[in-house]
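Below is one structure; the comments refer to it alone.
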Amino acid sequence: MPQLIAARNAVGLAFILNGLCFASWVSRIPEARDGFGLSNGGLGVLLLMIAIGSLVALPSTGAAIGRWGTVRVLRAGAVMAALGLGTAGLALGDSLVVTGIALLFYGVGIGVWDVAMNVEGAEVERRLGRTVMPRFHAGFSLGTVVGALAGAGLVALDVPSAPHLVLVVVVSAAVVWRGAAAFLPVPEVEESGQTSAARAWLEPRTLLIGVMVLALAMTEGTANDWLAVALVDGYDVSHAVGVAGFGLFVAAMTACRFAGTHLLDRWGRTAVLWSTMAAAGLGVLLIVLGGHPALVVAGIVLWGAGASLGFPVGMSAAADDPARAAARVSVVSTIGYAAFLAGPPLLGFVGDQVGTLDALLVVAVLLVPAALAVPAARKPTSQSVGSPA
C-alpha cells in the first residue's frame, strides 16, 4: 500500500503540473494574437502546431512505453515540453516562426507526457479497484485553474510572457522528473511493443472509444483555445476577464471530475457520459445565445461540467485490459488529439465568417453524433476487451 499510495500521488502531481503548463500558455493566447497581428484563422494555424506535435508523438508512445517504461518516457516528454514552451515564451511577440516551431516541440512533449501519465494512472486505478481516473484528470484541471488565475493576474500586471512561461515549465519538468521515480511497473505485453500498437488500431471497440474521445476532446479543447478569445470578441470584455472566464470553466470541470468518480461507480459510464454531454451542449448555447452575464456564467459552468468526464473515462476504457493498456491508450489518445489538430483552425476559420462567439456552436453540433459512440466505453468482460462493442 505505501508504494501504491506513493505512485498515486506521483501520478496526480504529473497531471497537475501538465495542466499548469498548458493553462499558462492559454493565458497568453490573446497576447499572441495581438502581438503578431493575427486573424482568428491565423491564430488557429499557430495553435495547430501544438496538435501536430502531439499527433507526431502519440502513435509511437505506446510502443516506447513497452520498451523503456513509463518513467523514462514521462521524463523525456516533460523535458521536451519544457524546452518547447519555454522557447515559445521567449519568442512570443518577436518571431512568429520561432514561436510556431517551439509550440510544435511543446506539442510533442505534452503528447508523450499525456500518454505516459494516463497509462500509469490506469494501472493505479486497476490496483486500487475503484474509479479514480477522473480525479487524476481533476488534478489536470486544478493545475489549469491555478495556471489560468495566475496567468490572468500576471497579464493584468503586464508581466512579460518570457519569465512567466520559463519559470513555470522549468519548475514543472524538474518536479515531474523527481516524482516519476515512484511509478509502479506496468504489466509486460506478450508481443513486441510495435506489434501490440499496430494490432490496437484494428480493434473496433478501441476505435469507437477513440471516436467518442475525439468529440469530447473537441468539447474541452475548444474552451481551452477559444473561450477567452470568444468572450473578449463577443462581449467586449478585457483580456483579463476573458482569461478569468476560462478559469471559471476549468474550475467547474475540476469540481465535476472530483464528483464524477462516485457517479461513475454508481450509475456506470454510459449514463453519466450522456448526461454530461447534454450539459455541455446546453452550456454552449447559453454562452452564445444568452446575452446576459448571468446566463453566460451559467453556460460556462455547464460547459465545464459537461466536458469533465469524457477524456478520463475514455482513458480508463482504453486501459480496461492492463496488459495492452499502453498500446490502446496511445491509439485513443491519437484519435482524441485529432480534435486538437482540427479544432483550432476549424473554429478559427468559422470564427472569421460568423464571429468568434457564434463559432462555439460547432461544439454543440458535434456532441449529437458523439453520443452514439458512448456505449463502447462500457466495462467489457475479460473475454471481450478489444472486440466490437
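The values are calculated or read from the model by the stated rules, or taken from the named source; none is laboratory data. Note that the coordinates shown come from a computational prediction; the quantities given were computed from them, not determined experimentally. No Cβ is skipped: glycine too gets one built from the backbone with ideal geometry, and neighbour counts run over all protein chains shown. In case anyone asks, the SASA skips ligands and DNA or RNA and just uses the protein heavy atoms, side chains included. Shrake-Rupley method; radii C 1.70, N 1.55, O 1.52, S 1.80 Å.
Has the stretch 104-126 got any residue that is open to solvent by 40 Å² or more (accessible area, probe 1.4 Å), assigned to a helix (DSSP H, G or I) and either closer than 30 Å to V159 by Cβ or free of Cβ contacts under 8 Å to residues at least 40 places away in the same chain (or both)?
Applying the first criterion (open to solvent by 40 Å² or more (accessible area, probe 1.4 Å)) to the stretch 104-126 yields 104-105, 126.
Subset that is assigned to a helix (DSSP H, G or I): 104-105, 126.
This time we only want the ones that are either closer than 30 Å to V159 by Cβ or free of Cβ contacts under 8 Å to residues at least 40 places away in the same chain (or both), so: 104-105.
The answer is yes, given that some residue of the stretch 104-126 is open to solvent by 40 Å² or more (accessible area, probe 1.4 Å), assigned to a helix (DSSP H, G or I) and either closer than 30 Å to V159 by Cβ or free of Cβ contacts under 8 Å to residues at least 40 places away in the same chain (or both).
Looking only at the stretch 360-379, filter to residues that are closer than 20 Å to M315 by Cα and in contact with a Phe, Trp or Tyr (Cβ under 8 Å, 6 or more places away or on another chain); which one of those is modelled with the highest pLDDT? My answer is V374.
One line per residue, one yes/no per condition, for (1) part of a loop (DSSP other than H, G, I, E, B); (2) open to solvent by 70 Å² or more (accessible area, probe 1.4 Å):
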site: T131; (1), (2): yes, no
site: L149; (1), (2): no, yes
site: P163; (1), (2): no, yes
site: V171; (1), (2): no, yes
site: V176; (1), (2): no, no
site: G179; (1), (2): no, no
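Helices (runs of 4 or more DSSP H) fully within the stretch 242-359 that include at least 2 residues being at pLDDT below 85 and under 22 Å from V145 (Cβ atoms): 325-354. Got at least one residue in the stretch 346-353 being in contact with an Asp or Glu (Cβ under 8 Å, 6 or more places away or on another chain), in contact (Cβ under 8 Å) with a residue 24 or more places away in the chain and surrounded by fewer than 23 Cβ atoms within 10 Å (Cβ to Cβ)? Within the stretch 346-353, none of the residues are in contact with an Asp or Glu (Cβ under 8 Å, 6 or more places away or on another chain), in contact (Cβ under 8 Å) with a residue 24 or more places away in the chain and surrounded by fewer than 23 Cβ atoms within 10 Å (Cβ to Cβ).
Please verify whether the stretch 39-48 includes one or more residues that are part of a helix (DSSP H, G or I) and open to solvent by 40 Å² or more (accessible area, probe 1.4 Å). Full working, then the answer.
Just the residues of the stretch 39-48 that are part of a helix (DSSP H, G or I), to begin with: 40-48.
Restricting the remaining residues to those that are open to solvent by 40 Å² or more (accessible area, probe 1.4 Å) gives 45.
Taking every residue of the stretch 39-48 in turn, at least one turns out to be part of a helix (DSSP H, G or I) and open to solvent by 40 Å² or more (accessible area, probe 1.4 Å).
I65 meets the conditions (1) buried (at least 20 other Cβ atoms within 10 Å of the Cβ); (2) over 18 Å from the mean Cα position of the chain (by Cα); (3) more than 17 Å from V11 (Cα to Cα) in every case but one. The failed one is (3). Within the stretch 241-291, the set of residues being under 19 Å from the mean Cα position of the chain (by Cα), open to solvent by 40 Å² or more (accessible area, probe 1.4 Å) and within 15 Å of P312 (Cβ to Cβ) comprises A255, C256, F258, A259.
Answer yes or no as to whether A78 is modelled with pLDDT of 85 or more and among the small types (G, A, S).
yes
Candidates in the stretch 27-55 are the residues that are of a type in the set (A, V, I, L, M, F, W, C) and at pLDDT below 85; of these, the one that is nearest to A318 (Cα to Cα) is L55.
Looking at the structure I just gave you, is T61 in contact with a helix residue (DSSP H, G or I) (Cβ under 9 Å, 6 or more places away or on another chain) and closer than 20 Å to V176 by Cβ?
On the way: in contact with a helix residue (DSSP H, G or I) (Cβ under 9 Å, 6 or more places away or on another chain): yes; closer than 20 Å to V176 by Cβ: yes.
So T61 fits the description; yes.
In the set L74, L83, L90, which member is more than 13 Å from C21 (Cα to Cα) and either open to solvent by 10 Å² or more (accessible area, probe 1.4 Å) or touching a Lys or Arg at 6+ places or on another chain (Cβ under 7 Å) (or both)?
Values: L74 fails: either open to solvent by 10 Å² or more (accessible area, probe 1.4 Å) or touching a Lys or Arg at 6+ places or on another chain (Cβ under 7 Å) (or both); L83 fails: more than 13 Å from C21 (Cα to Cα).
Sole residue among the options that is more than 13 Å from C21 (Cα to Cα) and either open to solvent by 10 Å² or more (accessible area, probe 1.4 Å) or touching a Lys or Arg at 6+ places or on another chain (Cβ under 7 Å) (or both): L90.
Of all residues in the stretch 294-315, those that are open to solvent by 10 Å² or more (accessible area, probe 1.4 Å), touching a residue at least 12 places away in the same chain (Cβ under 8 Å) and over 17 Å from S141 (Cα atoms) total 3. Which condition number does R33 fail, the rest of (1) within 29 Å of A251 (Cβ to Cβ); (2) open to solvent by 50 Å² or more (accessible area, probe 1.4 Å); (3) of a type in the set (D, E, K, R) being met? Among (1) within 29 Å of A251 (Cβ to Cβ); (2) open to solvent by 50 Å² or more (accessible area, probe 1.4 Å); (3) of a type in the set (D, E, K, R), the lone unmet condition for R33 is (2).
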